[in-house]
Amino acid sequence: VSFYLYLSSLYEENKDLSNAENVLKEGLENIPKNADIHYSLGVIYEKTNRFSESIREMETVLSIDPDNAEALNFIGYSYADRGLKLDEAEKMIVKALKIKPDNGYIIDSLGWVYFKQGKFASALSNMKKAMDIMPADTAVIEHLGDIYLKLGRLKEAREVYEKAQKIDPKNKSLQ
């Protein structure tokens, strides 16, 4: 398992997602019920804009390991980001958060679900918690800015967007 994961990550680092995918598929031919390989393949599918395939892989992870917080969060956030199945997304992320209560990415995901549901006070509360845990994560900062913007708190939105832009000046969405 380690060999396949390591080799695929090397390909991924070099932006060779096709070979990363092939290595993971070979790994699954030899070790078909490995949650880590399925998870990594799901990530590759997401990076190559194959949403349904990425979700299928994460569902396979959950069939092997129903308490896999990362897969629960992946599916929940993916749905929320697209505005799909928001109630299901919330349930999955809440379950993930019970498993890993201090995980900033999962807290961010829950805040993003609440944002998409129009529950802005809950979204803001969760995003501030995520910021406390991961103060330099530009995705979290950008989400916080989006919430402030939706709430009409323009000064705060601008401040957090500018903070994120200083961290990642090449980020086109922040520009």
*Quick one: helix 104-117 against the long Cα principal axis of the chain, what's the angle to the nearest 10°, folded into 0 to 90?*
60
*Classify the range 74-149: rounded, prolate or oblate, from the alpha-carbon gyration tensor (a ≥ b ≥ c, eigenvalue square roots; a/c under 1.5 rounded; otherwise prolate if a/b is larger than b/c)?*
oblate
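Can you bin the range 17-101 into rounded, prolate or oblate? Criterion: square roots of the alpha carbon gyration tensor eigenvalues sorted a ≥ b ≥ c, rounded for a/c under 1.5, prolate for a/b above b/c, oblate for the rest.
Values: a/c = 2.64, a/b = 1.49, b/c = 1.78.
Note, shape of the range 17-101 comes out oblate.
Would you calculate a helix-derived [θ] at 222 nm for the chain, using -39,500 (n - 2.57) for each DSSP H run of n ≥ 4 and dividing by the full residue count, to the nearest 500? Show your work: numbers first, answer last.
Numbers: 10 runs with 136 residues, N = 175.
Helix contribution divided over all residues of the chain: -25000 deg cm²/dmol.
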*How do 45-52, 122-129 rank on mean C-beta neighbours within 10 Å, highest first?*
122-129, 45-52
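Subtracting the Cα-Cα distance from 0.36 nm times the residue separation, let me have the gained length for SER2 to LEU154 in nm, one decimal.
On the way: separation 152, 0.36 × 152 = 54.72 nm, distance 4.72 nm.
Contour length minus Cα-Cα distance gives 50.0 nm.
Sorted by average packing, counted as other Cβ atoms within 10 angstrom per residue and highest first, what order do 85-97, 160-172 take?
On the way: 85-97: 19.4, 160-172: 14.8.
In descending order of packing, they fall as 85-97, 160-172.
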*How far, in degrees from 0 to 90, does helix 51-64 lean away from the longest principal axis of the Cα atoms of the chain, to the nearest 10?*
70
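In a shell of Cβ-Cβ distance under 12 Å around ASN68, excluding ASN68 itself, what net charge do Lys and Arg (+1) and Asp and Glu (-1) give?
Working: positive: LYS95, LYS100; negative: ASP36, GLU57, GLU59, ASP65, ASP67, GLU70.
Cβ neighbours under 12 Å give a net charge of -4.
Quick one: of LYS116/LYS150; LYS15/LYS163; LYS98/LYS150, which pairs are farther than 19 Å apart, Cα to Cα? Write out the running numbers ahead of the final one.
Details: LYS116/LYS150 11 Å; LYS15/LYS163 28 Å; LYS98/LYS150 28 Å.
Listed pairs above 19 Å: LYS15/LYS163; LYS98/LYS150.
About its Cα centre, what dipole magnitude does the chain give when the only charges are +1 on Lys and Arg Cβ and -1 on Asp and Glu Cβ, stated in debye to the nearest 20? Before the final figure, lay out each step's value.
Values: 24 positive and 28 negative charges, 165 e Å.
I would put it at about 800 debye.
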*Take the alpha-carbon positions of the chain, form their convex hull, and give its projected area averaged over all directions (one quarter of the hull surface) in nm².*
10.2
*So what is the accessible area of the range 41-81 per residue, in Å², with the probe set to 1.4 Å?*
40
*For the residue pair GLU59 and LYS170, what label-to-label distance in nm results when each label sits 7 Å from Cα along the Cα-to-beta-carbon direction?*
3.7
*Any idea what the dipole of the range 34-92 comes to, in debye rounded to 20, about its Cα centre with Lys/Arg Cβ at +1 and Asp/Glu Cβ at -1?*
240
*Label points 7 Å out from Cα along the Cβ direction at ALA121 and SER9: separation in nm?*
4.3
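How would you order 141-147, 14-20 from highest to lowest mean count of nearby Cβ atoms within 10 Å? Write down the numbers at each step before the final one.
Values: 141-147: 22.9, 14-20: 14.1.
In descending order of packing, they fall as 141-147, 14-20.
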_Extreme residue, positive dipole direction of the chain, given options GLN117, LEU149, LEU28 (C-beta unit charges)_ = LEU149
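The values are calculated or read from the model by the stated rules, or taken from the named source; none is laboratory data. These numbers were taken from a predicted model, which means no experiment stands behind them. Here the Cβ is made from the backbone with ideal geometry for all residues, glycine too, and neighbour counts use every protein chain on show. Surface accessibility is based on the protein's heavy atoms, side chains included, excluding ligands, DNA and RNA. Shrake-Rupley method; radii C 1.70, N 1.55, O 1.52, S 1.80 Å.
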